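Derivation of every value follows stated rules applied to the coordinates shown; laboratory data play no part. What you see is a predicted model, and the numbers here were worked out from it, not measured in a lab. All Cβ positions, even for glycine, are placed from backbone atoms using ideal geometry, and neighbour counts span all protein chains on display.
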Amino acid sequence: MRVPVLVCLALASACATPVVKVKPEQPTLDVDESWVDPAGDVPPRTRRPTQDRGAALHNPAAPAIAIRHATIMTATGQTIDGGTIVLADGAITALGADAGVKVPGGAQVIDGTGKFVTPGLIDAHSHLGVYAAPGTHATDDGNEASAPVTAQARAQYGYWPQDPQISRAIAGGVTAALILPGSANLIGGEGFIVVMRPGRTTDEVAFPGAPRALKMACGENPKRVYAEKGGPRTRMGEYAAFRAAFNEARAYLAKQTVYERTRALWLKKKARAAELDGKQTNPRLKVKVEPAPEAPPVDLRLETLAAVLRGDVLVQVHCYKASDMAEMVAVADESGFQIRSFHHALEAYKIRDLLAARHIAVNTWSDWWGFKLEAFDGIQENAALITQQGGRATIHSDSAIGIQRLNQDAAKAMAAGRAAGISITDDQALRWVTANPAWVLGVDDVTGTLEAGKRADVVVWSGSPFSVYSRAELVIAGGEVTYDRKTGLLPSDFELGNSAIERAR
Amino acid sequence: MTRTFTLTRLAAVGVLACAAPVAADTIAVTGATIYQRSDHKLEGATLVIRDGKIAEVGAGVAVPAGATRIDGTGKTVTAGLIEASTQLGLIEVDLEESGNDGRFAVLPTEIHAAYRAVDAYSGRSVAIPIARAGGVTSAITGPSGGLVAGQAAWVSLGEGAGPIAPIAPLRAPVAMNMSLGRDAMAIGSRGHTVERLRELFDDVDNYRRNRAGFERNASRRLIAQRLDLEALLPVLDGRELVAIRASAEVDIRAALAIAAERRLRIAIVGGTEAWRVAAELAAARVPVLLDPTDNLPGDLGAVNVRDDTAAVLARAGVVVGISTLGSTSAARTIRQLAGIAVAQGLPWQKGLAAITEVPAQIYGGAAERGTLERGKIADVVVWSGDPLELSSRAETVIIGGAVQSLATHQSRLLDRYKVLHR
């Protein structure tokens, strides 16, 4: 009996390659061999043990803490004077006016009289751990400047969770950060979203369930680095190279898509054949199915870019000038991806209408300017103007010094905006260093504001976070105390028996 | 005194003559909180400026007839801020060679004692109005890099008299900029920089003894050029301050040792680990110019960092000045830096002094600037509030008795882009 195998015939016309080539006349002696799934023999690639997003909100090791009688700045538009906030199991369980919040028995109670409570600060642009201190050749892991496109590199691979700079950033109230490769390359690699705490391994400090991020850079840096190393040596070459990289990624993605469809059809066909074979009593008349389609080779560089095209990676672009940013938007449009945010972006105010309309966030400083020509037109009102336009601004650091005082930088940007007649509330300025960078990182559903149910990322300040004289007194990340001013900085492994910290205590 | 030195002095005098402020109106700032000195606060006081100088300060001072009145109610008035170690007017854009002067290779072979910042200084720098709008009224600007970078100048940041007149330097030189350790050599031996400096000073001695022989080509080989040797004479005579860039404890100790050997007048610039040498610095009466945010173990030679270096030094009796230590674009941030030092335990008065009186004292201009005492040059800032606080702004800036425009490249950009036109 001939077995007509009709698997997928209807679909075959839709497929890029013919998939059904059953030859029922030709019995085979070893049918099973042709059914071996070559991909099935390769152990599947496992993902790193980054926890799911739920783990960001649940930490059984975290103590119950209640901070009472404080001014609670929630970064949701609301400030609670004389408020209480309760943290338990790594999450915010309650907050509100003192009278309305019940402190659970057994909670450690902290008197917040005269103090301010804010969400943990988040830096959308840091190189801690990849440009670690001391600044030596040995710790210089920030730029894989061996080719202009190294999308396969990842900041996580180079992050040193014992960088002595980390504890200083924590003492500045920072609870999370996007660690990025440097800007030597057009496409430097993937960023790494970290919880600000020291660790033994990078997996221990990975922000649970955070999305992927890709660092790209335009303008002066890549052309300076590659001018004598094969290019690009002009902006013309840079934007051509961006387009070329994403063209390559599109072709790669197309091949992958074809393969996945082909393989899906082949699997269906195989299943159907097996089903029919099960009914076949004559072993000489087993069905033969063509060999499985061959998977295209994996290219880690293009894997990352393909993931960008699929929308699985948040794209973070270092650009200063309005013209550069607009050109990057054109690259993104042509290539088919969305830019999550521009970093530095000192001229963002000039195109704030365009950026706001496209929901592209702007990460910038309050008053950095002039250190290079593409930074010549930086103004202190940048963040305020973006905010006024309805765009999303953050104050970032890009500096192991600046990350220690993001709140002060926000205060300066707020003061400049107000002096220019732009109405910026304290809450909006606070969002520049909390809720907005949380959005840039793609973790705003779990952190960045003080709300019941959110992650217990909290800072207690000695006074207004916008005063130069205020200090972080208590920093809590994921419900765990990462800095207590009473006990001082936690020295990194490197500093034990080695530095001023312990001796100065 | 050598001929060259005389010429230098003459040039400086000429420059000073050019720097005379525009004949300004009489100005009275009334009803203000006035810090006549950092440690002397007057409430509800009036400040009268006449002929470019501080004429009167006090609670009961009458406003002269015809004076331009500035209502200081609710405002705080201080002496103009002094950025004590910068490259304003020398480096326009850090990463651009074409706008870059006075930055030498970080090598111990680099000796540029005859380099004078005044020869390269551009009073037209776009960074100057920006510093000025931030309340910085004068600055000590000078070269960097190498063993001896050259002569710094104290420059007024006031607007020029005419539309194109350069803003004339105040004094040149006020200091010889030198470096030790990592600041003198990117790679190589710390001890070698010290040895080089000793050899250089010996060569200056030799040159001084044997100038006639030197002119006849009858001299042993010296490691510096003639004008560099000349320029070091006033340094070795103890007449010119040496601003020594040194971060590591060992370099600071070397600087103190050489200063003692040669009886130099020195200031330490940098001083990351200066707190480890606080007692010695105090005993030798050596001031330290520092950036209080410098709290990272930046290199293996200077890991003994702490947050409160300024406070520790001040407690030990060391005179502390605060500066960006070389930035041009960030000069306006010195008041925030002072505030940060205060947050780390430096008394507020010393924080204000660190960016006003102390630089004036260190660079030998305390008789003219740094406080609002009668007879001093009227470099004055009216602040909206506490000058060290982030929410405060410089509302009126007066330099040499003249009210300054606060327009800058940045304010003009804001004007252009405040409303988007397309």
* Structure fact -> Percent of all Cα-Cα pairs per 5 Å bin for segment B:180-248, counting from 0 up to the last occupied bin, reads 3, 16, 22, 22, 17, 11, 6, 2, 0
* Across 10 Å bins from 0, what is the distribution of all Cα-Cα pair distances for segment B:262-411, in whole percents? -> 11, 37, 34, 15, 3
* Asked: Roughly how big is segment A:55-213's charge dipole about its Cα centre, with Cβ charges of +1 (Lys, Arg) and -1 (Asp, Glu), in debye to the nearest 20?
  -> 260 debye
* Structure fact -> For chain B, the charge dipole (Cβ of Lys, Arg +1; Cβ of Asp, Glu -1; about the Cα centre) points to a positive end, and the Cα of B:38, B:153, B:187 closest to that extreme belongs to B:153
* Structure fact -> quick shape note, segment A:248-289: Cα extents on principal axes in Å, largest first -> 50, 14, 5
* Asked: In angstroms, what radius of gyration and Dmax does segment A:133-176 have, counting Cα atoms only?
  -> 12.9, 36
* Sort out for me the Cα centre separation of segment B:70-101 from segment A:96-110, rounded to whole Å. => 49 Å
* Which three semi-axes in whole Å describe the equivalent ellipsoid of segment A:119-253, each the square root of 5 times a Cα gyration tensor eigenvalue, listed largest first? -> 29, 16, 12
* Asked: Can you give the helix-only mean residue ellipticity at 222 nm for chain B, where every DSSP H stretch with n ≥ 4 adds -39500 (n - 2.57) and the sum goes over all residues, rounded to the nearest 500 deg cm²/dmol?
  -> -8000 deg cm²/dmol
* **Alpha-carbon centroids, segment B:267-282 and segment B:389-405: separation in whole Å** => 32 Å
* Express the C-alpha Rg of segment A:267-361 as a ratio against the empirical globular expectation 2.2 N^0.38 Å, rounded to two decimals. => 2.00
* Asked: For segment B:207-339, what size does the Cα cloud have along each of its three principal axes, sorted from largest down, in whole Å?
  -> 56, 34, 29
* Asked: Roughly how many Å is it from the Cα centre of segment A:70-84 to that of segment A:293-309, as a whole number?
  -> 47 Å
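Residue A:493: net charge of surrounding residues, Cβ under 12 Å, Lys/Arg +1, Asp/Glu -1, itself excluded? Working shown, then result.
Working: positive: A:200; negative: A:163, A:495.
Around residue A:493, the charge tally is -1.
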* So for chain A, taking the charge dipole from beta-carbon charges (+1 Lys/Arg, -1 Asp/Glu), which of A:258, A:492, A:96 sits furthest toward the positive end? -> A:258
* To do: Just the Kirkwood number for chain B, please: inverse of mean 1/r across all distinct Cα pairs, in Å, one decimal.
  => 22.0 Å
* Taking 0.36 nm per intervening residue step and subtracting the Cα-Cα distance, what contour gain separates residue A:109 from residue A:303 on full extension? -> 64.9 nm
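Would you mind checking A:372/B:41; A:115/A:454; A:229/A:321; A:215/A:270; A:115/B:75 for any pair whose Cα atoms are more than 31 angstrom apart? Could the numbers behind the result be given before it?
Values: A:372/B:41 41 Å; A:115/A:454 21 Å; A:229/A:321 24 Å; A:215/A:270 42 Å; A:115/B:75 27 Å.
With Cα atoms farther than 31 Å apart: A:372/B:41; A:215/A:270.
Write down, largest first, the equivalent ellipsoid semi-axes of the protein assembly as shown in whole Å, where each equals the square root of 5 times an eigenvalue of the alpha-carbon gyration tensor.
Working: eigenvalues 698, 221, 142 Å².
Computed over the protein assembly as shown, the values are 59, 33, 27 Å.
Taking 0.36 nm per intervening residue step and subtracting the Cα-Cα distance, what contour gain separates residue A:257 from residue A:284 on full extension? Walk me through the numbers on the way to the answer.
Values: separation 27, 0.36 × 27 = 9.72 nm, distance 3.63 nm.
Going from the current span to full extension adds 6.1 nm.
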* For segment B:98-155, report the translational diffusion coefficient in µm²/s to the nearest whole number, using Stokes-Einstein at 4 °C, 1.567 mPa s, and a Kirkwood Rh over Cα pairs. => 106 µm²/s
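Please arrange A:192, A:466, A:494 by how many other C-beta atoms lie within 10 Å of their C-beta, fewest to most.
Details: A:192 26, A:466 22, A:494 18.
Fewest-to-most Cβ neighbours within 10 Å comes out as A:494, A:466, A:192.
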* To do: Work out the length of the dipole vector of segment A:262-315 about its Cα centre, built from +1 on the beta-carbon of each Lys and Arg and -1 on the beta-carbon of each Asp and Glu, and round it to the nearest 20 debye.
  => 460 debye
* Asked: Which of the aspartates and glutamates could a cross-linker span from residue B:53 if the Cα-Cα distance has to be under 14 Å and same-chain partners fewer than 8 positions apart are dropped?
  -> B:25, B:368, B:373, B:379
* Structure fact -> The ³J(HN,Hα) series, computed from each phi in segment B:123-130 with the Karplus coefficients 6.51, -1.76 and 1.60 at θ = phi - 60°, rounded to the nearest Hz and given as x for glycine or proline, is x, 8, 4, 5, 6, 5, x, 5
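So what's the net charge close to residue A:367: Lys and Arg +1, Asp and Glu -1, counting the other residues with Cβ under 11 Å from its Cβ? Don't jump to the answer; show the numbers that get you there.
Numbers: positive: A:412, B:332; negative: A:381, A:409.
Charge balance in the 11 Å sphere: 0.
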* **For chain A, calculated [θ]222 nm from helices alone, where every DSSP H run of n ≥ 4 adds -39500 (n - 2.57)** => -8500 deg cm²/dmol
* Asked: How large is the dipole of the protein assembly as shown about the Cα centre if only Lys and Arg carry +1 and Asp and Glu carry -1, each at its Cβ, rounded to the nearest 20 debye?
  -> 660 debye
* To do: Treating the Cα atoms of segment A:314-465 as identical point scatterers in vacuum, please give the log10 of the normalised Debye intensity I(q)/I(0) at q = 0.10, 0.21 Å⁻¹, two decimals.
  => -0.33, -1.39
* Structure fact -> If the label point sits 7 Å along Cα→Cβ of residue A:248, residues of segment A:122-165 with amide N under 14 Å come out as A:146-153
* **Debye log10 I(q)/I(0) for chain A, one point scatterer per Cα, at q = 0.11 Å⁻¹** => -0.92
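Largest first and in whole Å, give the semi-axes of segment A:390-505's equivalent ellipsoid, each being the square root of 5 times a Cα gyration tensor eigenvalue. Write out the running numbers ahead of the final one.
On the way: eigenvalues 157, 67, 36 Å².
They are 28, 18, 13 Å, listed largest first.
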* Asked: Can you give the angle from 0 to 90° between the axis of helix A:235-279 and the longest principal axis of chain A, with both taken from C-alpha atoms, to the nearest 10?
  -> 50 degrees
* Residues with beta-carbon under 9 Å from that of residue B:249, excluding residue B:249: net charge, scoring Lys, Arg +1 and Asp, Glu -1? -> 0
* Asked: What nm value, rounded to one decimal, do you get for the distance between residue B:51 and residue B:315 when each label is placed 7 Å out toward the C-beta?
  -> 4.8 nm
* Structure fact -> Placing +1 on each Lys and Arg Cβ and -1 on each Asp and Glu Cβ in the protein assembly as shown, then taking the dipole about the Cα centre, the residue among B:337, A:119, B:86 whose Cα reaches farthest towards the positive end is B:86
* Structure fact -> What the 5 Å binned alpha carbon P(r) of segment B:213-275 shows, as percent of pairs per bin from 0, is 4, 17, 19, 18, 16, 13, 7, 4, 2, 0
